[in-house]
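FYI, it's all coordinate maths here, none of it is from the lab. Treat the numbers as computed from the prediction; the structure is a model and nothing was measured. Every residue, glycine among them, receives a Cβ derived from its backbone with ideal geometry; neighbour counts consider all protein chains shown.
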Amino acid sequence: MAQPTDRGGPAMDRDEIEAAVWAERLSLCDFLDGLDEPEWGVQSLCSAWTVREVVAHLTVTTRATIPFVLKAAIKARGDFHRMTADVARARATAFTPAELVRQLRESADSSRRMPGSGPMDPLLDLLVHGQDIARPLQRRHAMRTEVAVAALAYLATTKFHGGPQRIAGLEIVATDATWSLGAGPAIRGKVEDLLLVAAGRPSGLAHLTGPGVDRLAERLAAG
């Protein structure tokens with residue numbers, strides 16, 4: 001894999017992305033195997049979902065077809081976020097935690113993804129949602145720094161996920177990799193915390209420093 005470079009981020013080709021997705025799915029499955037029953041019902045960092053519903057959402061990526069998405073979108077009246085939430089809740093109800101983990105593990109090496117999404121989207125989903133699960137449980141689920149930098153570089157420039165709007169006018173500086181992006185009041189921290197705040201999770205703020213943190217906190221609070 002290419003090494004992180006100042007202000008640019010590492011470049012990952014298609015094979016590297018797919019290998020990283022495979023590794024992250026298996027790593028998350030191993031983590032999930034260690035959860036007890038009550039932990040599956042804990043509220044995740046996603047305000048609309050429990051841990052179980054987040055995992056259910058992750059199983060959709062390799063199973064969704066265009067007809068499935070169209071039907072779900074119509075049912076949700078064209079609201080993408082509502083559609084995503086409804087599908088996750090339905091799968092969480094239909095399958096046990098063990099079944100969801102088995103589905104995720106069985107599809108670990110699949111290159112299928114949601115219609116309309118790009119190659120990096122499944123990787124970004126896994127990294128962010130892995131922390132959505134682990135942090136409320138007070139458990140550690142490690143991110144590989146070089147993979148997280150690539151995901152952060154992608155998120156920071158992809159309007160669909162809202163990253164550019166959240167960090168506009170700020171300099172994002174990783175303290176555990178040679179990487180930075182943007183200009184303005186600086187925000188410094190580990191890549192995984194920077195990734196979380198760029199993805200709209202206030203949970204990462206407590207571990208960040210710099211004159212830009214307050215401005216970013218205001219944006220996250222405003223939604």
Can you give the three extents of the C-alpha atoms in the chain along their principal axes, from longest to shortest, in whole Å? 47, 37, 36
Here the relative contact order (percent) of the chain, from C-alpha pairs under 8 Å and at least 6 apart, is 22
Just tell me which aspartates and glutamates come within less than 16 Å, Cα to Cα, of residue 71; anything on the same chain fewer than 8 places away is out. 79, 86
Take every DSSP beta bridge whose two residues both sit in the chain, then give the antiparallel share in percent to the nearest 5. 50
Over the Cα atoms of segment 92-223 the radius of gyration and the largest Cα-Cα distance (Dmax), both in Å, equal 15.7, 48
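Equivalent-ellipsoid semi-axes (√(5λ), Cα gyration tensor) for segment 148-222, whole Å, largest first?
15, 14, 12
Dividing the convex hull volume of the alpha carbon atoms of segment 133-177 by its residue count, what do you get in Å³ per residue? Please report the intermediate quantities before stating the final value.
Details: hull volume 4.8 nm³, N = 45.
Each residue corresponds to 107 Å³ of Cα convex hull volume.
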If you line up the long axis of helix 145-155 against the longest principal axis of the chain, both from Cα atoms, how many degrees apart are they, to the nearest 10? 90
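So if the hydrodynamic radius of segment 14-137 is defined as the Kirkwood radius over C-alpha pairs, what does Stokes-Einstein give as its diffusion coefficient at 25 °C and 0.890 mPa s, in µm² per second?
It comes out at roughly 168 µm²/s.
Magnitude of the Cβ-charge dipole of the chain, K/R +1 and D/E -1, about the Cα centre, nearest 20 debye?
Numbers: 26 positive and 27 negative charges, 149 e Å.
In total the dipole reaches around 720 debye.
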